[in-house]
Amino acid sequence: MKYIDEFRDGRLAQGLAARIRQEVNPERGYALMEFCGGHTHAICRYGIEDLLPSNVRLIHGPGCPVCVLPSGRLQAVIELAERERVILCSYGDLLRVPGAQGDTLLQAKARGVDVRMVYSVSDALDIARAHPDQPVVFFAIGFETTTPPTAVAILHAKAEGLHNFSAYCNHVLTPPALRAILATHHTAESPAPIQLDGCIGPAHVSTIIGSDPYQFVATEYHRPLVIAGFEPLDVLQAILLLIRQVNAGEARIENEYTRAVSPEGNRKAQSIVAEVFTLRPSFEWRGLGELPNSALTIRPEYAEWDTERRFIVPVVATTDHKACACAEVLRGVKRPEQCKVFATVCTPDHPLGSCMVSAEGACAAHYHYGRFRTPSPGVSA
Amino acid sequence: MIPSRKLFTRKLDFIHGSVELSHGGGGRAMAQLIEEVFLTAFDNEWLRTQDDCAQFNVPAGRLVMATDSHVVSPLFFPGGDIGCLSVHGTINDVAMAGAQPLYLAASFILEEGFPLADLQRIVDSMAQAARQAGVPIVTGDTKVVERGKGDGVFITTTGVGVVPPGVNISASRAQPGDAILLSGSLGDHGMAVMAQRENLSFDAPIVSDTAALHGLVATMVAVAPELHCLRDPTRGGLGSALNEIAQQSGVGMRLHEAAIPVHEPVRALCEFLGLDPLYVANEGKLLAICPAECADPLLAVMRAHSLGQEAAIIGSVVTDAHGFVEMETVFGGRRLVDWLSGEQLPRIC
Ligand code: SF4
């Protein structure tokens, strides 16, 4: 674990921060978006904004899988668990997320629904093996990083003949979401064109998909993208590399995270995913709306292990509260504290919109780690 | 010891036996359980009277009383078990007023079917903890609930103690300019229990820090009777304890992350699970808030005590209308140390 400390060294950080200060052009602003919740967390947790000059601004992107899950899909599975008496296995960070009726998995558990927190999908397989007479549903969620383990679990279930196991697939894809955001920044008809000068690309996701799938960011949208690890020094380094590209008028895909990411990614993981999953024509992202080809579904060959095919899971369409400014926050049009209900009506205990849901969401991260920077009468400890 | 009255024809079976509903029924079975388990382990002059209450004289001073219910899963973990935890927890609550703890009461809710061997192990651990601390368990109670209506055993302990004259410690007394001291590393108890519960194994297991802190407190109060606040950051961890004090005292706080000790295995497991050690439970640590001029002598006596060797000054109290607890990170940035919303839950990726 000494390894981790190297990436958190305060002196190295000060050195990088000094170089960023030297290299920024004071005449212009730099608006950089970090896509991933992991980066958002590192930025807020280590106070990286304090190390940056005031004309460098970070926009927290939509890369938090829990935040972008439509509440209707959560509601649907809670109702399923209640109706069919399934054992519902979920990762910890989903448990407190309110569904469409304000109901959470923790509340459902308190009512007697058999909800189990698991650390990995293999825990869910173990539960299925231990309860052969009961249907066991794994709440599969996440970007490209958590997809391969879900695929492996389904392959195992098939090989073992584990017929009481199924996965409720909510796996989503990074590049289409990035494209959706860039498209709104790009179009001429956008009412107020928003400044977005570059992106910090995902860490763990890129270890799977590689750096090649981001090429469109440079070729079609002419923005630089730097793939970076989740350690705070990685983030600072990526910011420096982005500033250099912007200053030089370049738009390239750069890889700061070479210790883990290759251009082509993890081919083996990709082929396992392709074996089990296929593209969903369209998927609703909370805060971003319906995005074509932006999510995965389980192939018909594995229908038996697909919760949505085994059971009827009617998903109610839901809309976020009308005061919610998530769509603007996710695109960098508004900062969290500029939302009228931030920290007053909308808090992590009672989130109104998606960005307040998990600690990696833009509004929740600002709430937990940064709201002292923007104190207002309604905002206190 | 209790004079043998030959009430019970057969001794309790501590190898294969388990708790039965009759053990809480008020009859002979209950009397036998009390005598063979509790009285034998806790044995002292107050219990020997076999009254429903304990009578004792108290020294002059302000009386302190605290109570704490203990539910922990698993019941046994590296470094301790629910038994010693229930003794340490209440002793510490009393000690955090600067008091000398004097007596404890213990109340058990047992689940039908709970193995007597485990019960004995827990009770022995309590007896040892109470003896080591010099705080006898002088009265108690036992109830048995039907199988499925409890989680093995729940223990509630209540303690009384006396505050020495001139000492006035309260969470509402933190003042701008005060120093914040922490007696040692964070998160050992919470992560020991979590590692055990989730079956996460490591080369060197994380060991709970459960300990009675009244000895440490006595040395601290002796050198710095003007101490303003003491708090043991148990559930909710340091982050919650500091926010509570900030709110009760109407102040803000500024911490230095680099000064806060966290042992490497705890840090690694927290990292792995996406948890923040600032919010993980401790059972043998305290934080102290005192006028700045007392900080150095206080730190010296803390470090000289076996339970405070890693003590550190971790920050200071400031004027802040919003009551924020802010921290300068190891990275040189700043972050808020917020109230916890609900229990900390592990993150996905
Ligand atoms: S504060 Fe709440 S409602 Fe406003 S943008 Fe953020 S999540 Fe949405």
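Data table
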{"read-out": "Whole-Hz couplings from phi, Karplus 6.51/-1.76/1.60, listed for the range B:162-173; x for Gly and Pro", "value": "10, 8, x, x, x, 9, 9, 10, 7, 5, 9, 9"}
{"read-out": "Table column - 3J(HN,Hα) (Hz), the range A:42-53, Karplus curve with 6.51, -1.76, 1.60, x for Gly and Pro", "value": "4, 4, 6, 4, 9, x, 4, 4, 5, 8, 9, x"}
{"read-out": "Spin-label model distance (nm) - A:L12 vs B:L21, 7 Å beyond Cα toward Cβ", "value": "6.5"}
{"read-out": "Relative contact order (%) - chain A, alpha-carbon pairs under 8 angstrom, separation at least six", "value": "21"}
{"read-out": "Average Cα contact separation per residue, the range B:252-349, under 8 Å, 6 or more apart, as relative contact order %", "value": "49"}
{"read-out": "Accessible-area ranking of A:K334, B:K285, A:K340, largest first, probe 1.4 Å", "value": "A:K340, A:K334, B:K285"}
{"read-out": "Estimated 222 nm signal from helices in chain B, with DSSP H stretches of n ≥ 4 weighted -39500 (n - 2.57), rounded to 500", "value": "-8000 deg cm²/dmol"}
{"read-out": "Low-density loop positions, chymotrypsin sites (Phe, Trp or Tyr not before Pro), the range A:114-155 - DSSP coil, at most 16 other Cβ in 10 Å", "value": "A:Y119"}
{"read-out": "The range A:178-311 - charge dipole about Cα centre, Lys and Arg +1 at Cβ, Asp and Glu -1, debye rounded to 20", "value": "100"}
{"read-out": "Residue among A:P348, A:P300, A:P149 with the largest mean-square fluctuation in a Gaussian network model of chain A, springs linking Cα atoms under 10 Å", "value": "A:P300"}
{"read-out": "Loop-resident sites, the range A:261-322, for GluC sites (Glu not before Pro), counting at most 14 other Cβ within 10 Å (DSSP)", "value": "A:E264"}
{"read-out": "Chain B: angle of helix B:295-304 to the longest principal axis, Cα-based, in degrees nearest 10", "value": "40"}
{"read-out": "Between 0 and 90°, nearest 10: helix B:214-223 axis offset from chain B longest Cα axis", "value": "40"}
{"read-out": "Placed amide H near B:R62: partners under 5 Å, 5+ positions off or other chain", "value": "B:V163"}
{"read-out": "Portion, in percent, of the accessible area of the protein assembly as shown that falls on carbon or sulfur, probe 1.4 Å", "value": "52"}
{"read-out": "Paramagnetic reach from A:H321 (point 7 Å along Cα→Cβ, amide N under 16 Å) across the range A:93-127", "value": "A:97-104"}
{"read-out": "Residue-by-residue Karplus 3J(HN,Hα) for the range B:112-129, coefficients 6.51, -1.76, 1.60, Hz, glycine and proline x", "value": "3, x, 5, x, 5, 4, 5, 4, 5, 4, 5, 5, 4, 5, 5, 4, 5, 4"}
{"read-out": "Accessible area in square angstrom per residue, the range B:21-163, 1.4 angstrom probe", "value": "43"}
{"read-out": "Distant-in-sequence amide H partners of B:V337 (H built 1.01 Å from N, under 5 Å)", "value": "B:V325, B:E326, B:M327"}
{"read-out": "Counting DSSP beta bridges with both ends in the protein assembly as shown, the antiparallel % (nearest 5)", "value": "55"}
{"read-out": "Residue-normalised accessible area of the range B:179-336, expressed per residue, 1.4 Å probe, Å²", "value": "35"}
{"read-out": "5 angstrom amide H check on A:R116, placed H, neighbours 5+ away", "value": "A:L88, A:C89, A:S90"}
{"read-out": "Protein-protein interface of the range B:324-344, residues with accessible area decrease of at least 40 Å², isolated chain reference, 1.4 Å probe", "value": "B:F324, B:V330, B:F331, B:R334, B:R335, B:L336, B:D338, B:S341"}
{"read-out": "FRET efficiency, 1/(1 + (r/R0)^6) with R0 35 Å, evaluated for B:R303 and B:R62 via beta carbons", "value": "0.75"}
{"read-out": "Accessible surface, chain A, averaged per residue in Å² (probe 1.4 Å)", "value": "39"}
{"read-out": "Nearest 10 degrees, 0 to 90: helix B:188-197 Cα axis against chain B principal axis", "value": "50"}
{"read-out": "Formal net charge of residues neighbouring A:D197 (Cβ-Cβ distance under 11 Å; K, R +1; D, E -1)", "value": "+3"}
{"read-out": "Choice from A:P65, A:P135, A:P314 showing the highest fluctuation, given a GNM over chain A with Cα pairs closer than 10 Å", "value": "A:P314"}
{"read-out": "Listed residues B:V160, B:V251 arranged by accessible area, highest first, probe 1.4 Å", "value": "B:V160, B:V251"}
{"read-out": "Residue order for B:Y103, A:Y30 - accessible surface, 1.4 angstrom probe, largest first", "value": "B:Y103, A:Y30"}
{"read-out": "Charge-dipole axis of the protein assembly as shown as Lys and Arg at +1 and Asp and Glu at -1 on Cβ define it, positive-most pick from B:G150, A:L155, B:F38", "value": "A:L155"}
{"read-out": "Charge dipole (debye, nearest 20) of the range B:21-163; +1 at Cβ of Lys and Arg, -1 at Cβ of Asp and Glu", "value": "200"}
{"read-out": "Mean separation of Cα contacts under 8 Å (6+ apart) over length of chain B, as relative contact order %", "value": "20"}
{"read-out": "Accessible surface of A:T318 - all protein chains present, 1.4 Å probe, nearest 10 Å²", "value": "40"}
{"read-out": "Interface burial for A against B (accessible surface, 1.4 Å probe, total of both chains, Å², rounded to 100)", "value": "3400"}
{"read-out": "Net length gained if the chain between A:Q101 and A:S54 were fully extended (0.36 nm per residue, minus Cα distance)", "value": "12.8 nm"}
{"read-out": "Accessible area of B:M30 in the full protein assembly, 1.4 Å probe (Å², nearest 10)", "value": "40"}
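The values are calculated or read from the model by the stated rules, or taken from the named source; none is laboratory data. Worth saying up front: this structure is predicted, and the values here are computed from it rather than measured. For neighbour counting, all protein chains shown are included, and Cβ atoms are generated from backbone atoms with ideal geometry for every residue, glycine included. In case anyone asks, the SASA skips ligands and DNA or RNA and just uses the protein heavy atoms, side chains included. Shrake-Rupley method; radii C 1.70, N 1.55, O 1.52, S 1.80 Å.
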